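Here the structure comes first, spelled out in structure tokens, and everything after it is commentary.
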Amino acid sequence: MSSRIVFQSAIARDIWERKYRLRAADGAPVDRTLGDTFRRVARAAASVEPRERPAWEKRFLDAMSDFGFLPAGRILAGAGADRQVTLFNCFVMGAVPDSLEGIFDSVKEAALTMQMGGGIGVDFSTLRPRGALVASIGADASGPVSFMHVWDAMCRTIMSAGARRGAMMATLRADHPDIEAFIDAKATAGALTNFNVSVLASDAFMAAVAADAPWHLVFDGTVYRTVRARDLWHRIMRATYETAEPGIVFIDRINTANNLAYCETIHATNPCGEQPLPPHGACLLGSLNLTRFIGAPFEDGAKLDIDALARRAGLAVRLLDNMIDVSHFALDQQRHEAKAKRRIGLGITGLADALIMCGARYDSPAGRALAGRWIEAIANAAYRASAALAAEKGAFPLYDAESMARRPNVEALDAGTKAAVAANGLRNGCLTSIAPTGTISLLAGNVSSGIEPVFDLTYRRTMTEPDGSRRDEVVEDYAFAVFKRMRGGDAQLPEEFVTAGEIAPRAHLEMQAVVQRHVDSSISKTVNCPVDMPFEAFAGIYRQAYDLGLKGVTTYRPSAVRGAVLTRMAADATQAWSAASEPAGLPGSGGVLPERATALQGVTYKLKWPGSDHALYITINDVEAAGQRRPFEIFINTRNLEHYTWTVALTRMISAIFRRGGDVGFVAEELKAIFDPQGGRWLGGRYVPSLIAAIGEIVEAHLHRTGFLSSAETVTHLPEAATVVSPEHGDADAGVAPRQCPRCGAASFVRQEGCLVCRGCGFSRCD
């Protein structure tokens, strides 16, 4: 059967080649075909069956071969590979101890987990706030946000060892004294790029916001400050409006609805938010591809085969449950948690395409009703399968029949399923979750991802290569491709072909709410918002999400700080650059390098790198068009001939990127991510991983100074060893790099309104 499995598109083959195809240590292929990959996974899943292993292997293979069930990436890449990797996508680390030794032990545990392939969540609420006394050494604490940078640097280092990007989620309670610094932590482009961040909003906080009440910021029983709850909420909303972060996690609702609330408390989620987990919690994932169960697509009688979907869900539960016993774990605590509760996350993909194929709009009552019925059917089938497994193999060790019977998700099951659970127990503590399914959806022919609407009928996707380079691929939506094959390329599209940008934010929330009623864990979902959406309307989305009973919400509104993986195609799909990639009136339109003007305005920065006898001089020249200052070219000069070749290459490549125009802010981020294998240097109390990273910091600082990159507050983040040789303005202070703050040690002590002020901790001194 494996030889008959064919790729649905060229990008599907590319995804398999780069992410899931097993290769030997020397690079030689072990999986000859995609069918071999599926068979490898099926054999691994069947290996723990007590009887009839060949028969179970065939059943598991059949479940995947038509792309009807898609195990998540960690399983596809690692199952049966005989390697020390985890098959779990989702982890939350243990509670971080409030001590230096405990913090760095936690960093080590996180590094080991990500090295095995897992994404992690970390709750930083256990760390004392900035400025709090550390009695043992008589010094002030630096606060949770400062230690987040340690995790970020670690993640970047782990990521540099392979093609898979590390992923982390950071959470902080809304009543933590450092919550405002946490909210602003990613306001600058390039900051904490390996983290998603979310505020833990309690029911008490949401009530205080509604009542415009005072809100105490507390740690270890001590009230540090009192603020207006609405002011804090407004600050969260404004940061999210500008940078798409932080997200919001309604943490009390998560704990109240949790199947396992009787034996655990949750404080964090995995990086994408679909798995709220306890300390050292772990969950693996798989998704049912709804498009494979649609009969007579685009016809009057189109419908989803509920019985076939339920049968596939039952097989998927068994396969995922078996993977718990096959997987490796970085930590013994993770293995114990996984096997004590046997949590799995069975979800869906292709929802939007399936609705289109059944003639229902994603943003219509009919579409929501269909989605609700489908997800309810999956939930009942999953619980019945888990109850049957419990009868055959035993319930999960921490199963408590009386407590489980009272859980909201169990109470919502149909009568027959509840009877099966009562009679047999459950093999799995939590069963359903809806994750983002970007690459496995592409593998299945680019079905719509997870619960999301169709992004666009044809779009450009940015792919990251193993060497860190990027390239664009043009991708066509699955339902759109099927419709064209059936009706012809000139056929008029029915109104059901609605895309993410055409759907009102409220409709996103309503779909998520309908589906959440039948999902044990949570849902990874992004509410797309137009760039011109008024702030007041945007802020209302989050209140609506809470009122609709959601467990969390994430929005995306395009901004200068955040880039995008997916880019809408221009009306003419053959156009080389999307209409959104090049602001009107700026040079570089169409990818043509413009001629250089005779004279350009610029700044030269002097960089003294420790251990080098000669300084580097970095000159960045700008042009102005359509009222915007933007970089045009860069020169790097030094008397050190050791650097000559790479500095010439670097200046030519960066200058070419600058001249092409568009959003070139990524240049600084890429430079800052480069680590010297011989080690970086400490500049002004901060560790800079390489000389090239220091140049990246100068580029980023320049883009902020000129206004090309915007943030909540324009800050010149120059390395301590860098100074401005030729400032473009007459203000002498404008050309001085930030000094080291005498209180917190950060290189952020700058002159402001006649005083020296630390932009990091707020310390000030007038002279």
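Of note:
- Listed residues V209, T126, G166: farthest to the positive end of the dipole of segment 111-235 (Cβ charges): G166
- In this structure T604 has an accessible area near 30 Å², from a 1.4 Å probe over the protein heavy atoms.
- Packing rank of 361-371, 70-80, 441-451, where each peptide gets the mean count of other beta carbons within 10 Å, highest leading: 441-451, 70-80, 361-371
- When only the Cβ of Lys, Arg, Asp and Glu is charged (+1, +1, -1, -1), the dipole of segment 13-98 relative to its Cα centre reaches about 180 debye.
- Per residue accessible area of segment 263-376, 1.4 Å probe, in Å²: 29
- Amide H to amide H distances under 5 Å link L683 with V688, where only residues 5 or more positions off or on other chains count and H is placed in the peptide plane.
- Pairs with C-alpha atoms separated by more than 20 Å, drawn from the list K606/K672; K186/K672; K608/K672; K341/K393; K19/K484; K525/K551, are K19/K484.
- Phi-based couplings in Hz for segment 440-454 (Karplus 6.51, -1.76, 1.60; Gly and Pro marked x): 6, 5, 5, 4, 8, x, 6, 6, 4, 7, x, 8, 5, x, 4
- Extension gain, R485 to Y617, is 41.7 nm, computed as 0.36 nm per intervening residue step minus the present C-alpha separation.
- Computed from label points 7 Å out along Cα-Cβ, the spacing between L650 and R235 is 3.7 nm.
- Sorted on the mean count of surrounding Cβ atoms within 10 Å across their residues, most packed first, peptides 525-533, 341-349, 379-387, 298-306 read 341-349, 379-387, 525-533, 298-306.
- Neighbour cut-off at most 13 other Cβ (10 Å), DSSP loop, GluC sites (Glu not before Pro), segment 460-544: E495
- Burial ranking of peptide ranges 205-218, 116-129, 280-293 (average Cβ count within 10 Å, highest at the top): 280-293, 116-129, 205-218
- In this calculation the C-beta distance from F535 to H216 is compared with R0 = 30 Å, giving a FRET efficiency of 0.65.
- The Cα atoms of segment 320-442 give a gyration tensor whose axes a ≥ b ≥ c have a/c of 1.5 or more with a/b no greater than b/c, which makes the shape oblate.
- Looking at segment 1-66, the GluC sites (Glu not before Pro) that sit in a DSSP loop and have at most 11 other Cβ atoms within 10 Å of their own Cβ are E52.
- Ordered from highest to lowest accessible area with the whole protein assembly present and a 1.4 Å probe, W682, W16, W609 read as W682, W609, W16.
The values are calculated or read from the model by the stated rules, or taken from the named source; none is laboratory data. This one's a predicted model, so the numbers in the text were calculated from it and none came from an experiment. Using ideal geometry, Cβ is built from the backbone for each residue, glycine included, and neighbour counts are taken over all protein chains shown. Heads up: the accessible areas ignore ligands, DNA and RNA and are worked out on the full protein's heavy atoms, side chains in. Shrake-Rupley method; radii C 1.70, N 1.55, O 1.52, S 1.80 Å.
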